[in-house]
Amino acid sequence: MALQDAQWMRHALALAERAAAEGEVPVGAVLVKEGAILGEGWNRPITLHDPSAHAEMIALRAGAAALGNYRLPGATLYVTLEPCVMCAGAIVHARVSRLVFGARDPKAGAVDSVYDVIARPRLNHVVEWSGGVLEEECGAVLRAFFRARR
């Protein structure tokens, strides 16, 4: 694991805490290019009344707006939880170069846990990816959130 991957994942974890504070599932995402933040987000589907308001989608939208382009080549997306099918599709279509995620999602992960949208691409863009970065910390935030809700 590269030092910069751990640093950016810690930033994504801080964003996940913002989601938890809003009563949302604690997932955070930060989109980075050349060492600068293009966009960031945390889960907000409940708050925004928007089923597509996942952390990744919000970060991708912000990054695209910042660049004035819906394509994000050269960008790396850091997210605390393995993306779902919707987010994985958006990552591919946005031409994100690299994806780094923390915890695996054994129920809905679309990198390689349940679906293989990114790990075995059938679309016209290949995303370099790695999972398990700060996996324990990312998973602990999610477990604590769901434990408190029970």
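The values are calculated or read from the model by the stated rules, or taken from the named source; none is laboratory data. The model shown is predicted, which means the values in this text are computed figures rather than measured ones. For neighbour counting, all protein chains shown are included, and Cβ atoms are generated from backbone atoms with ideal geometry for every residue, glycine included. Surface areas here come from the heavy atoms of the whole protein model, side chains and all, with no ligands, DNA or RNA. Shrake-Rupley method; radii C 1.70, N 1.55, O 1.52, S 1.80 Å.
Yes/no matrix, rows are residues, columns are (1) crowded, with 24+ Cβ neighbours inside 10 Å; (2) assigned to a helix (DSSP H, G or I):
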{"position": "GLN7", "(1), (2)": "no, yes"}
{"position": "ALA16", "(1), (2)": "yes, yes"}
{"position": "GLY23", "(1), (2)": "no, no"}
{"position": "VAL30", "(1), (2)": "yes, no"}
{"position": "GLY39", "(1), (2)": "no, no"}
{"position": "ALA64", "(1), (2)": "no, yes"}
- prompt: Out of region 40-70, which residues are of a type in the set (Val, Ile, Thr) and touching a strand residue (DSSP E or B) at 6+ places or on another chain (Cβ under 7 Å)?
  reply: ILE58
query: Going by the structure shown, is ALA12 open to solvent by less than 10 Å² (accessible area, probe 1.4 Å) and in contact with a Pro (Cβ under 9 Å, 6 or more places away or on another chain)?
result: no
message: Checking the structure you have, find out if any residue of region 51-61 is surrounded by 21 or more Cβ atoms within 10 Å (Cβ to Cβ), modelled with pLDDT of 95 or more, of a type in the set (Asp, Glu) and part of a strand (DSSP E or B).
response: no
message: When you scan region 85-99, do you find a residue that is part of a helix (DSSP H, G or I) and among the hydroxyl-bearing types (Ser, Thr, Tyr), even just one?
response: no
message: Can you tell me how many residues within region 104-150 are open to solvent by 70 Å² or more (accessible area, probe 1.4 Å), out of contact with any strand residue (DSSP E or B) (no Cβ under 8 Å at 6 or more places or on another chain) and in a helix (DSSP H, G or I)?
response: 6
field: Condition met for PRO83 (buried (at least 24 other Cβ atoms within 10 Å of the Cβ) and out of contact with any strand residue (DSSP E or B) (no Cβ under 6 Å at 6 or more places or on another chain))
entry: yes
